[in-house]
Structure formats: structure tokens, C-alpha cells
Amino acid sequence: MSVLELRQLGRRVGGRTLLADLNLRVEAGECLALLGPSGCGKTTTLRLVAGLELPEQGGRILLGGRDITEEPAGRRRVAMVFQSYALYPHLNVTGNLALGLRVRGVPPQERERRIDAVLELLQLAELRERRPAQLSGGQRQRLALARALLRQPALMLLDEPMSNLDAQLREELRPELRRLLCGGEAPVLYVTHDQQEAIGLADRLAVLEAGRLQQVGTARELYEKPHNRFVATFLGRPALNLLPPRDGRQLGLRPEHLRPVAEGGLAARLQRREWWGSQQLLWLESEQGDLRMLLPAAHACPDALRVGWERHHELWFDAATGERLQGLA
Amino acid sequence: MTAWLLMLPALTLLAVVFLAPLARYAWLSAHATSVLTALEPVANGGANWLRLAQDGRFWQDAGQTLRFAAVSVGLELLLGLALALLLRGPRGGRAAGGGLRTAVLLPWALPATVMALGWRWIYNEPHGPLNSLLIAAGLPPYPFLSTPASTWFAVVVADVWRSTPFVALLLLAGLQAIPPELEEALVLEGADRWQILRRLLLPLLSPWIGLAALFRLAQALGVFDLIQVLTGGGPAGSTESLALYAYLNAMRFLDFGYGATVLLATFLLLLLPGLLWLMWQRRAGSAA
Amino acid sequence: MIRAVALLWSLGPLLWQLYTSLRPADALVSGPQGLGSPGGGIFGGWTLQNYSQLLAADPPFWRYLLNSAVVGVAGTALTLLLAIPCAYGLQQQRGALRWGTLALLLAASLFPTALLFLALLEWARQLGLGNHLLALALPYAALSLPLAILLLRAALADLPPELEDAARLEGLGPLQRLRFVLLPLLAPAIASTAILVFLFSWSEYPIALTWISRESLLTLSAAIARIGASSVFTIPYGAFAAATVLGSLPLVLLLLLFQRAIVSGLTQGAVKG
């Protein structure tokens, strides 16, 4: 079974640590999203796994039990969809798909069969003769996918493949992408900075920051039980409210968990109201700093109010390290 | 590793053709190799160099070559700039079409010796076209190529005619790299064309001008083809260039040792524009 | 208009050569070449005898054109053969190594080639390369290499880097990547470079002059110089002019056809180099 294992993977370039001590395991058929802000090391991880860069700082990469750390990029049975798709501009759709097969010595009939199959799968059959420049964004993405799938890889890597598409197209293509990629035999490693996409596509998420793994788990786990302040703030839209630290501790509250109360809680004034369709985002100024509160659109909200929440929604963090403090009353 | 293998053949050839000769010249210049020694090299210490230091003809040629280079390149920069501006067309207007560009490029593309011959005819006294024009205007014919005072300038004209397109192309590239919005902003502030040229275009073009000057100076200091065919170095050696002198020493006087010495001295002279350029770059960098 | 002046300045000398080449010898030396000149003036006295003279000479003039063409093609082919892999390898290098090499190449491209003739002549004598047309391709390639490498590397740098990554992942080795992916995309840059190199070798003089002494093997530049040097007193200017015109013709054609490629090659190289 092709399980992907990363053991203490690291990479440093010219004094900068791009990735440090990454341990990760992706099961066969699982789709794992690497999530994080730009510069967090997610693309580096992908390139290391692909073999486009070598981990000079040690660390091993195992695929299906085999150590592939030293293997050159073309031999790893890994396929990748690049952010820019990296389609060969001088070849048409068929040519783009055929090149890899030709070079690997696949006989012409077999080549044709496989190409036909993948074109069928991705609904590109009518566009055989076209060149990448003549395809739309979505079609190019499908071609890049087709090229990757054609290799029947043991591992699929995707580097922000939807970032070139507009928001609407992204939403439409998400289920399609999931259907094609996840649930097969090959594990899928998917890099994105967009949480919605990650949550919609992946079975589990791995959040990275400054080259280090912050937390791995399902979206729900990360949302309800974040390991640290960073994960808590990164996941969830609108972002977590963080109150000023006191006595070495800091309280975090999600906007959707706040609501106006008759007594108790914090005193606050309403600054601004953003209408979000079925919900409204309220910008408040409280005695403990600015807060955002998410309420159903119909809910009336006075200018001066008291804001409260339920105790079990509290997220406490160590003010210095950002680690989440468990079990606080 | 494969990268080095790929680069090796080219770099080897380059080293052989560029570096080895210099080393060879240095060696040759330390030996006497001439008819007197039956063309066998005989070590003679620094005799060649001593001779060079006292060789009036060498220093005269050096001066002539420098003068030629300075004037030629200066003119080429001026005319090249004008040409580049012309080819670019007015802001917002159409750039020069392919036909004009072809015509403008022609002088540079033609082989040097071919047109050098052509110029010999043009300057010919009294039958050449220039003199014909003079005669037609009622003026006496002028021996362009027989009077030292005018010959070197005639050579300059021929070189300027040939090399201006190259400079113009280089400057054109520089002009096209300037975003049009910058000029438009100045226009809105009420600047006229000269001011735009002086305050915006020239400063932004200065790296290109420097590059063009560097290229042309280096090539002009080594001028050979033009001189040999157009004037043969005459009249009375007044247009002889360093490269031609070296050639004569080696091929006509068969004094390889001394020829190599002249060549090496010329190469050292060449380093001058290089150094000037580096200094100028540094100053420009710190001023920015 | 200024454009007309520029046109006249650029084409004038050449056009006059054309005119001169079509006049009979006596007409040329018998006075000013104006409208009222003997020999019939502008509308009379045309002759092709200068051309026939050249073409009937021994060896005939077109022989020199052929020689130059042979050397030009050989030199260009060799240059490209060496420059393309070198540019590719250079692009793989990083940091000081790359910039250092580029600086050296720039310095080499500035070098006035005439200075190298002596050492190269010695090479030619020792290795018996004299009077062999194809042997000229070696020094010509070497002299064109710096510029060619600079131009081609700049073009390579322009290609999207992920393209090669994708090809690598598909299992293509370096030479395969070069052949199937990079070269097709570099075609325009290669064409521009090839033309510039060809122009250079057509125009080159000192090395051709010193390496080749046999008349029938002379390249155009050397042959023309010989024509010029040969007759000091009786000057066949009509023949000169005809030689000039014939010698220029191939290049004029080349220029007309590839003007855009030449300009873009030079300016691109300048911008990115």
C-alpha cells in the first residue's frame, strides 16, 4: 500500500530555515492538505517529496515502505500538478500528454489507449488539437491533472492548483477534484493557503508555520481543539478574537460564539456592522479591546451592549508561547 | 555535475582562443623572433619592451588610435541617440517601420572591408561622388585621403557610418525599457521635449550609454579592417592604428616578437575603457 | 523629414556604389558624375561590364561569396552546437559562479578580435589549418561564442522554471528536456543568434586574411581587400563598386528577410544580458 511517510524532513537554504523537523504520515487514498501562510514551508515540502529539491538537513521520505529520499525526481512515481500548470506551450493537448509516455518507451498503441482514457475522464476529448494558449483556465487545470493522472502515480502532489481560477470556478470544481483524486490508492498531498479549499477537499489538514508543523488533524479537530494560538487564529472565518493577555494567559473567543447578554460578560459599543447575507459581522469596541461578533442577520443589536459567551467555548493560551492551555476553569 | 560537462566544450574553446593567445603574446614579447633569428625565438629579456618604450611610431599610433576611438565613439553616441529617438517614434505615435529599420541597420550588417572599399571610391579625388558634388558646387576638389589633416576624419566618418546603427539599437532597447507613464507625467507638468530628454531620458539611459560606449571603445581601439583597406595606414602613417602596426610587424617585417609586444601593449591599453567603465558604474551606483 | 535624411545617410553610400558599378570605366574617370557628365549622364551609358568582368575573372567573384557562405554556415553551426549546451549548463549554476562566468563572457565579447590574429596564425601553422575553409569555423565559433552564450542564456532565463520541473517529474533526463521542451521554445532566440553569428563570420577579416592565401579559397572580406590593395595606380573603380554591390547583396537579402529577428536578438540580449 502506498503510504507516504515524512520523517524529520528539513531544508535550509543560505541560513534560512525553510522547513524543520517535519513528521507526517499520509495513508493510502487519503487526501491531506498542507495549509499555511506564504513562506510557511508548504511548497518546500512538496518539492522535497517530488524530488525537485534535496533535503540537505537529513530526514527521510518513504513511499510504500521504500525510502525514496535519494532517488531522482523522475524515478519516484510521483506526479505533480504545478501552480502554473507548467504545460508545454509548443505542444497540443495530445502532445502534452504523450511526451512523458514517449520518453518512457510506451508503445504507440498503448499510449493512445491511455491518453484516450484520461481525456475521456477529464472531458477534454474535444480539445485534443488545441494548444495550452487556446484553453481556458479550467481546461488547462484539467489538462495538468490529466497529465498527472496518466502516470498512474503512487503519490499525487498538487501545488495550489486552483489559485489561478476565479472564486466561483474554484467552488464548482472542488467536488470534481475530490472525486478524481481522493479515495483512490494513491495518497494525495495538497498545498493551499485557502482554508475553505482545504476543508472542502481534504480528509485531514496539516497546518504549517515558519517551517514547522503546528498541528495535524481533521478540520473539526483543528477547529475545536487547536494546539496553539496560531492554529486557532488561522482556522475559522472570521478570525478568532484574542483578548489582551493577563497573568501570562490569553483568552481567545470565536466571533460565532459571542452573543449579546443581559448581564455579565464585557461591556461594548457597536462600531460597524457588515452584512453577510444570512449573517452579520459586528465590529465592537469593548473594555478589553476590539471584538468581532457573528450573529444571524435578523438579530437586532443595540449600540451599547454587553457581550457574553459560554465557558466551554473559551480557548486559553499561554501568552508567551501561544500553546493552548487545557482544562481551565 | 552535468552542468559542468555541458559547459566544458564551449569554455575550453574560449580559453584556447582568448586566454592562450595572451599568454603566448607575453611569452613571445620576451623573445626575439624575427628574420634575424631565422624565425626562431631567442630569449632577449625585456628588449622588445624597451624598444616599444622608445618606438616613436608606436606612440604616434597609440595617440592616433586613441583620438580615432574618442572622436568616433563620441559621434556615434550622439548620432546613435538621435537615431534611437527617431526609430522609437513620438510618444504614443507609431515606431519606425521595418523598412526604415532595415535601411538603418544596413551599414552595420555589411562587411567592413566591403564598405571600406566603397568609401575609398567616395572619397576619391577627383572622381569620387563627394568631389563631384564639390565640383558641381563650383568648389575645388579636395584630396580627402591624401591630406593627413583630413584623412583621419574621413576614416572617422566611415566608422561612424558603420557603427552608429549598433549604438542606436542598444539605446533603443534602453528607451523601450522606460515606462511611458514617466514621460506622460513630465508632459503633464509642462516640460518640453528638451527638458524631457535632459531630465528623464538621459539619466535613465545612462547605463545603456555606458554599455554602448564600452563596447564601441573596446572595438575602436582595436580597429584594423577599416584602416587597412581604406587608407593602408597612410598618408605617411597618419591613420595607422595599433592593430595595423602589429600586423605589419608580424606579417611584413616578420618580427613576431615585436608584433606580439605591440599586441600585448594594445590589450593593456584596452583595459583602460574597462576600468573607466567600472569606475563610472561605481560612481553612478553610489550617486543613485 | 528627418526620417528621409536618416534613410539617405544610411543608404546613400551603398546606392552610390550601385550607381558607380553600372557605369563604364571611362565615364567614371572622365569628370564629375553629375547630370551633365560625359558618357551620357544619368540616362545613358549604363553598362554591366563591371559585373561581367568580375564574374569572368579567375576565380570568378561568386566563388568568394560561396566561400564566405560555407564558412558562415559551418561557423554558425559550430557556435550553436557549443553555445546551447553551455548556456543551459550556465543557467543551472547559481550565485557567484554564474555571475562570474557571465562577467567574463561579457569581457570576452568586447574583445576586438583583430588582436588575436597572431596567436591564431601560429595555431593555424602548427596544426596545418591554413588554406582550409572549414578550419576557419573553429576560430569564428570561438569568437562568436561569448555573445551567443549570453543571448541564449538570457532566453533560457525567460522560460518559466516550472516547465523544466514538470518535465523532470515526467522522467525526462537533461538531454531529453533540452531536446523536447527547451529547444522548441528557444527557437526564435536561436534563430536570432544564428543570424548575428552568420553576419559576424561574413564580415570577419583579419583571421580570414592570415589563414587563407590561396586565391580560390578567399572569403569575401579578404577578396575585396585584395582587390583594393592590388591595383595602386590604375584603379578599376567600376569593378570595385561592382564587387561592393555583389558582396553586399546576400547580406541585404538576409537583412530584409530577418530584420525583425536581428533587432529583437540584439535588444533582448541587451536588456536581459
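I need to check one value: relative contact order of chain B, counting alpha carbon pairs closer than 8 Å and at least 6 residues apart, in percent.
About 28 percent, as a whole number.
Considering only C-alpha atoms, what is the centroid distance from the range B:122-172 to the range A:52-85, in Å?
Each part reduced to its Cα centre gives a spacing of 68 Å.
Can you list the HN-Hα couplings for the range A:82-87, worked out from phi with the Karplus curve (6.51, -1.76, 1.60; θ = phi - 60°), rounded to whole Hz and with x for Gly and Pro?
Calculated HN-Hα couplings, in order: 7, 4, 8, 6, 6, 7 Hz.
Under 1.5 on a/c is rounded, so check that first for the range A:238-325, then, if it is not, pick prolate when a/b is larger than b/c and oblate when it is not; a ≥ b ≥ c are the square roots of the alpha carbon gyration tensor eigenvalues.
The shape class here is prolate.
Measure off 7 Å from each Cα along the Cα-to-Cβ vector at A:V13 and C:V252, then give the distance between these two points in nanometres to one decimal.
The modelled label-to-label distance comes out at 5.4 nm.
Give me C:W9, B:W119 sorted ascending by neighbouring Cβ count inside 10 Å, so fewest comes first.
Least to most surrounded, the residues fall as C:W9, B:W119.
Report, in degrees rounded to the nearest 10, the 0 to 90 angle that the Cα long axis of helix B:20-29 makes with the longest principal axis of chain B.
With rounding to tens, the tilt is 50 degrees.
With unit charges on the beta carbon (Lys/Arg positive, Asp/Glu negative), name the residue among B:S150, B:L5, B:I178 whose Cα is farthest towards the positive pole of the charge dipole of chain B.
B:I178
For A:L62 and A:H313, what does the FRET efficiency come to when R0 = 56 Å and r is the distance between their Cβ atoms, rounded to the nearest 0.05?
It comes out at approximately 0.90.
Which of these, A:C301, A:C40, A:C31, has the largest mean-square fluctuation under a Gaussian network model of chain A (Cα springs below 10 Å)?
Result for chain A, Cα springs under 10 Å: A:C301 fluctuates most.
Which whole-Hz ³J(HN,Hα) couplings does the range A:12-21 yield from phi under the Karplus relation 6.51 cos²θ - 1.76 cosθ + 1.60, θ = phi - 60°, glycine and proline marked x?
After applying 6.51 cos²θ - 1.76 cosθ + 1.60, I find 10, 10, x, x, 9, 8, 8, 8, 9, 6 Hz.
Please say if the range A:65-202 is rounded, prolate or oblate, where rounded means a/c under 1.5 for a ≥ b ≥ c the square roots of the C-alpha gyration tensor eigenvalues, and otherwise the choice is prolate for a/b larger than b/c and oblate otherwise? Let's see the in-between values first.
Numbers: a/c = 1.73, a/b = 1.11, b/c = 1.56.
Because a/c hits 1.5 or more and a/b fails to exceed b/c, the range A:65-202 counts as oblate.
May I ask you to derive the FRET efficiency for A:A210 and A:R237 from their Cβ-Cβ distance with R0 = 22 Å, giving the value to the nearest 0.05?
0.50
I need the phi-derived Karplus couplings for the range C:178-189: 6.51 cos²θ - 1.76 cosθ + 1.60, θ = phi - 60°, integer Hz, Gly and Pro marked x.
These are the phi-based 3J(HN,Hα) values: 4, 6, 8, 10, 6, 4, x, 6, 8, 3, x, 5 Hz.
Along its three principal axes, how long is the range B:55-287 when you only count alpha carbons? Whole Å, largest extent first please.
Extents along the principal axes, in whole Å: 64, 51, 28.
How do A:W309, A:W275 line up, fewest other C-beta atoms within 10 Å first?
Lowest count first: A:W275, A:W309.
Taking every DSSP beta bridge with both residues inside the protein assembly as shown, roughly what % is antiparallel (nearest 5)?
Of the beta bridges lying entirely in the protein assembly as shown, close to 75 percent run antiparallel.
Only helices at least 15 Å long along their own axis, judged from Cα atoms, and with Kyte-Doolittle mean hydropathy of 0.0 or greater: name those in chain A from DSSP H. It would help to have the intermediate numbers written out before the result.
Details: long enough: A:93-103 (16 Å, 1.10); A:108-121 (20 Å, -1.04); A:137-150 (20 Å, -0.05); A:167-181 (20 Å, -0.85).
TM-like helix candidates: A:93-103.
Give the shape of the range A:117-183 as rounded, prolate or oblate, defined through the alpha-carbon gyration tensor: a ≥ b ≥ c are the square roots of its eigenvalues, a/c under 1.5 means rounded, and otherwise the shape is prolate if a/b is larger than b/c and oblate if not.
oblate
Averaged across B:235-244, how many Cβ atoms of other chains sit within 10 Å of each residue's Cβ atom?
For peptide B:235-244, the averaged partner shielding equals 1.
Would you work out which of A:A268, A:P244, A:T321 lies farthest towards the positive end of the dipole of the range A:238-325? Charges go on Cβ: Lys and Arg +1, Asp and Glu -1.
The Cα lying farthest towards the positive end belongs to A:A268.
Given an 8 Å cut-off on Cα distances and at least 6 residues of separation, report the relative contact order of chain A as a percent.
On the way: 648 pairs, mean separation 59.3, N = 329.
Relative CO of chain A lands at 18 percent.
Taking every residue in A:308-319, how many Cβ atoms of other protein chains lie within 10 Å of its Cβ, on average?
0
For the protein assembly as shown, list log₁₀ I(q)/I(0) at each q in 0.08, 0.09 Å⁻¹, using the Debye formula over Cα point scatterers of equal strength and ignoring solvent, two decimals each.
-0.89, -1.01
Ranked highest first by average number of other Cβ atoms within 10 Å, how do B:21-34, C:125-138 line up?
Result, highest mean first: B:21-34, C:125-138.
Let me know the mean shielding of A:144-151 by other chains, meaning the per-residue number of their Cβ atoms within 10 Å of its Cβ.
Going residue by residue through A:144-151 and averaging, the value is 1.
Based on Cβ point charges of +1 for Lys and Arg and -1 for Asp and Glu, what charge dipole magnitude is obtained for chain A about its Cα centre, in debye rounded to the nearest 20?
Here the size comes out at about 760 debye.
Based on the Cβ-Cβ distance of A:R128 and A:D290, what FRET efficiency does E = 1/(1 + (r/R0)^6) give at R0 = 56 Å, to the nearest 0.05? Please report the intermediate quantities before stating the final value.
Values: r = 56 Å, r/R0 = 1.00.
Calculated value: 0.50.
Among A:V103, C:V245, B:V42, rank each residue by its count of other Cβ atoms within 10 Å, from fewest to most, as a rough exposure measure. Before the final figure, lay out each step's value.
On the way: A:V103 18, C:V245 23, B:V42 13.
Ranking A:V103, C:V245, B:V42 by Cβ neighbours within 10 Å, fewest first, gives B:V42, A:V103, C:V245.
What order do you get for A:221-228, B:252-259 when each peptide is scored by the mean count of other beta carbon atoms within 10 Å, highest first? Intermediate values should be presented prior to the final figure.
On the way: A:221-228: 18.2, B:252-259: 20.2.
My ranking of the peptides, most packed first, is B:252-259, A:221-228.
Given +1 on the Cβ of Lys and Arg, -1 on the Cβ of Asp and Glu, and no further charges, what dipole in debye does the protein assembly as shown carry about its Cα centre, rounded to the nearest 20?
Dipole of the protein assembly as shown, to the nearest 20 debye: 300 debye.
Unpartnered cysteines of chain A (Cβ-Cβ under 4.7 Å counts as a partner)?
Lone cysteines by the Cβ rule: A:C40, A:C301.
Between the range A:180-252 and the range C:107-126, how many Å separate their Cα centres?
Distance between centres, Cα-based: 66 Å.
Determine the relative contact order of the range B:169-260: mean sequence separation of Cα pairs under 8 Å and six or more apart, normalised by residue count, in whole percent.
Result for the range B:169-260 is 18 percent.
Suppose we keep just the DSSP beta bridges with both residues in chain A; what percent of those would be antiparallel, to 5?
Roughly 75 percent of the DSSP beta bridges within chain A come out antiparallel.
Tell me, how many Å apart are the Cα centres for the range A:258-284 and for the range B:213-254?
What the calculation gives is 88 Å, centre to centre.
Rule-based calculations on the coordinates, nothing more; no lab input. All figures in this text were calculated on a predicted structure; none of them were measured in a lab. Reconstructed Cβ throughout: ideal geometry from the backbone, glycine too, with neighbour counts over all protein chains shown.
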